[in-house]
Amino acid sequence: MPRHKQSAGEKHATTVRAEPAWLRQSIAPKLRLAAKEARAYFEGELGKSGATFATWTVLATLKLEGPMIQRSLAQYLSIEGPTLSRHLETMERRGFVVRTRDGSDRRAATVELTEDGEAMYLEIESIALRSQEQMLHGLSDDDVSQLSKLLQQILTNVGAD
């Protein structure tokens with residue numbers, strides 16, 4: 001009896017596996033996309049005033065935490081030391097921050113906001129608040145609170161807090 005020979009299309013059809021349903025519900029791609037799009041939106045809004053995301057993160061951190069040793073600031077922001085150094089050089093030239101070195105350890109520079117840095121922080125803060133409002137449009141206060149708790153739990157689960 002002659003055997004039926006499979007066409008290339010039939011061979012492919014028999015080797016394609018069913019799509020794992022969990023992939024459609026996976027949270028990781030949604031988190032990545034939400035973070036990417038939110039940051040792009042915020043950077044666009046910051047760019048309209050001549051500010052950058054890097055400037056905002058440094059100013060906001062120093063406003064929140066006060067003066068910090070440069071190495072600690074880099075760790076806090078989860079960026080490499082040389083990257084932070086480049087940002088700080090620009091910010092120092094613009095008069096937003098000042099770095100001072102302790103006499104006992106010349107390698108440890110303390111970074112703090114200047115008056116111009118405080119003023120720039122206030123300008124950028126209004127952009128950050130408007131951007132956050134836009135990103136959270138349509139969510140209730142309870143939704144935002146729940147989202148914050150859920151994201152914190154994810155961070156805790158992966159050891160990032």
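The values are calculated or read from the model by the stated rules, or taken from the named source; none is laboratory data. None of these values were measured; they are calculated from a predicted model. Cβ placement follows ideal geometry from the backbone for every residue including glycine, while neighbour counts extend to all protein chains displayed. Side chains included, ligands, DNA and RNA excluded: accessible areas come from the protein's heavy atoms. Shrake-Rupley method; radii C 1.70, N 1.55, O 1.52, S 1.80 Å.
Before moving on, here are some points about what is shown:
- Extension gain (nm, one decimal) between residue 18 and residue 53, 0.36 nm per residue minus Cα-Cα: 8.4 nm
- At most 16 other Cβ within 10 Å, DSSP loop - trypsin sites (Lys or Arg not before Pro), the stretch 22-127: 48, 94, 106, 107
- Karplus (6.51, -1.76, 1.60) ³J(HN,Hα), θ = phi - 60°, over the stretch 142-153, in Hz, Gly and Pro reported as x: 5, 4, 5, 4, 5, 4, 4, 5, 5, 5, 4, 5
- Full extension of the chain segment joining residue 78 with residue 157 gains 26.6 nm, where the gain is 0.36 nm per residue of separation less the Cα-Cα distance.
- Heavy-atom accessible area, probed at 1.4 angstrom with all protein chains present, ranks 137, 87 as 137, 87, highest first.
- Normalised contact order of the chain, rounded percent, pairs of Cα under 8 Å and 6 or more residues apart: 19
- Eligible aspartates and glutamates near residue 149 by straight Cα distance, threshold 19 Å, same-chain separation 8 or greater: 133, 141, 161
- Estimated D of the chain in µm² per second, where Rh is the Kirkwood radius over Cα pairs and Stokes-Einstein applies at 25 °C, 0.890 mPa s: 125
- Förster-model FRET efficiency, 41 Å R0, residue 100 and residue 141, C-beta, rounded to 0.05: 0.45
- Stretching the chain fully between residue 149 and residue 39 yields a gain of 37.6 nm (0.36 nm per residue, less the alpha carbon separation).
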